[in-house]
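One structure is given below, encoded as structure tokens.
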Amino acid sequence: MVPGDLRIGSVGKALPDVTIDIRDKSGRSLPAGETGEIWMRTPAAMAAYWRDPEATARVRVDGFIATGDAGHLDRDGYLWFEGRLK
């Protein structure tokens, strides 16, 4: 990232092999600028909770993990953290 790409207050853009999606409470993707739960997909993510398939099913959907954090993506793909949901 070059210094001109920094956005003060932003977490930044996703690293290679990381996909970030912002979703509403029903799991639908939200457009840029709208706040919702941060979901991420990466090969480095956890596979499952130890001996707790129900908890795993609540946070892992289609390869994405629900982080329990609130935020939004701006139109340029920068992530803005807004707090914890759980």
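The values are calculated or read from the model by the stated rules, or taken from the named source; none is laboratory data. Predicted model, so just to flag it, every value in this text is computed and none were measured. Note: ideal-geometry Cβ built from the backbone for every residue, glycine included; neighbour counts use all protein chains shown. SASA here: full protein model, heavy atoms, side chains in, ligands and nucleic acids out. Shrake-Rupley method; radii C 1.70, N 1.55, O 1.52, S 1.80 Å.
The order of Y49, Y78 by accessible area, most exposed first and with a 1.4 Å probe, is Y49, Y78.
The heavy atoms of T42 offer some 30 square angstrom of accessible surface to a 1.4 angstrom probe. Can you work out the PRE-style zone for V61? Point 7 Å along Cα to Cβ, and I want the residues of the stretch 27-44 with backbone N under 15 Å. Within reach of a label on V61: 27-31, 36-41. Entry comment: accessible area of the stretch 17-78 is 63 Å² per residue, from protein heavy atoms only and a probe of 1.4 Å.
If you rank I8, I22 by how much accessible surface each has, with a 1.4 Å probe, what is the order from largest down?
Working: I8 160, I22 5 Å².
The ordering from most to least exposed comes out as I8, I22.
Heavy-atom surface analysis with a 1.4 Å probe gives the chain a carbon and sulfur content of 56 percent of its accessible area. In the set [x] -0.53, -0.72, -0.90, -1.00; [y] -0.39, -0.60, -0.86, -1.04; [z] -0.44, -0.64, -0.87, -1.02, the label that goes with log10 I(q)/I(0) by the Debye sum over Cα atoms at q = 0.13, 0.16, 0.19, 0.21 Å⁻¹ computed for this structure is [z]. A simple spin-label model places pseudo-atoms 7 Å from Cα toward Cβ; at K86 and T42 they are separated by 1.9 nm.
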